[in-house]
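The values are calculated or read from the model by the stated rules, or taken from the named source; none is laboratory data. Computed from a predicted structure; not experimentally measured. All Cβ positions, even for glycine, are placed from backbone atoms using ideal geometry, and neighbour counts span all protein chains on display.
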Amino acid sequence: MNLIVLVGLMGSGKTTVGRELAKKLNLRFADSDELIEKHAKLSVREIFVEKGEPEFRRLETEALIDACAKDEPTVLAVAGGAVVSEKNRALLVERARCVIWLDAPTSTLVGRTGRAKHRPLLDGDPVGTLNQMRSDRESFYQQIATHKVATQSLNVAQVVDKVIEQCGLSTISGEQK
Ligand code: S3P
């Protein structure tokens, strides 16, 4: 159980926080979108446009299965929509030492997602879409999260410290070195 998982809506800080958390704990970092892009040799946007969302979701499940199969202690940032799949949720619950749900108000998320190329679903109406995603997905995050961290008034280093404290991770790097 050496997998630390970050979940939450787009813009909640999973990738940024995950990278810093991994650095601080001296663990490997992986991000599901990056794994998909590497495997498909296409960007997330290209996959959505050229192959459609169902194919993206299939690749997403494959990427999570691969990431969860590794023994190496890892911080895994899981893209916002992955929790909609029951299979993905079951996998994460089974494999993760802790699942941290990062959350912030929609206005904060919109500010953070502004220029990201890998979020085609936010092209039209980001506020409306994120609000809809919140109502569609909140119960899934709730279901699988072992911890929830509200990030809106915190900087990245503070979120990292909060995650380490709440999840009792301060000794994990020492254990694994
Ligand atoms: C998505 C989230 C994105 C990316 C894709 C779809 C979603 O990842 O996988 O644009 O459905 O919430 P991040 O959560 O890392 O932004």
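The table for this structure:
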read-out: Residue match in region 102-114 (condition: closer than 18 Å to Phe29 by Cβ, crowded, with 17+ Cβ neighbours inside 10 Å and either polar (S, T, N, Q) or within 13 Å of the ligand (Cβ to nearest atom) (or both)); value: yes
read-out: Test: residue in region 66-76 that is within 15 Å of Val159 (Cβ to Cβ) and buried (at least 24 other Cβ atoms within 10 Å of the Cβ); value: yes
read-out: Of the criteria (1) closer than 18 Å to Leu122 by Cα; (2) at pLDDT below 95, which one Arg57 fails; value: (2)
read-out: Search result, residues across region 115-129 that are away from the ligand (no atom under 12 Å from the Cβ) and either surrounded by 13 or more Cβ atoms within 10 Å (Cβ to Cβ) or β-branched (Val, Ile, Thr) (or both); value: Val127
read-out: Output for region 38-52, where each listed residue is in contact (Cβ under 8 Å) with a residue 24 or more places away in the chain and either away from the ligand (no atom under 13 Å from the Cβ) or in a helix (DSSP H, G or I) (or both); value: His39, Val44, Arg45, Phe48, Val49
read-out: Single unsatisfied condition, Ser85 versus (1) farther than 17 Å from Arg119 by Cβ; (2) buried (at least 18 other Cβ atoms within 10 Å of the Cβ); (3) within 12 Å of the ligand (Cβ to nearest atom); value: (2)
read-out: Matching option when the condition is away from the ligand (no atom under 14 Å from the Cβ) and within 24 Å of Ala104 (Cα to Cα), among Ile4, Ile65; value: Ile4
read-out: Top-ranked residue in region 19-37 [being small (Gly, Ala, Ser) and assigned to a helix (DSSP H, G or I); ranked as surrounded by the fewest Cβ atoms within 10 Å (Cβ to Cβ)]; value: Ala22
read-out: Selection from region 7-37 of residues that are within 14 Å of the ligand (Cβ to nearest atom) and of a type in the set (Gly, Ala, Ser); value: Gly8, Gly11, Ser12, Gly13, Gly18, Ala30, Ser32
read-out: Test: residue in region 151-158 that is buried (at least 18 other Cβ atoms within 10 Å of the Cβ), assigned to a loop (DSSP other than H, G, I, E, B) and within 16 Å of the ligand (Cβ to nearest atom); value: yes
read-out: Qualifying residue in region 68-81 (condition: modelled with pLDDT of 95 or more, closer than 13 Å to Gly8 by Cα and in a helix (DSSP H, G or I)); value: yes
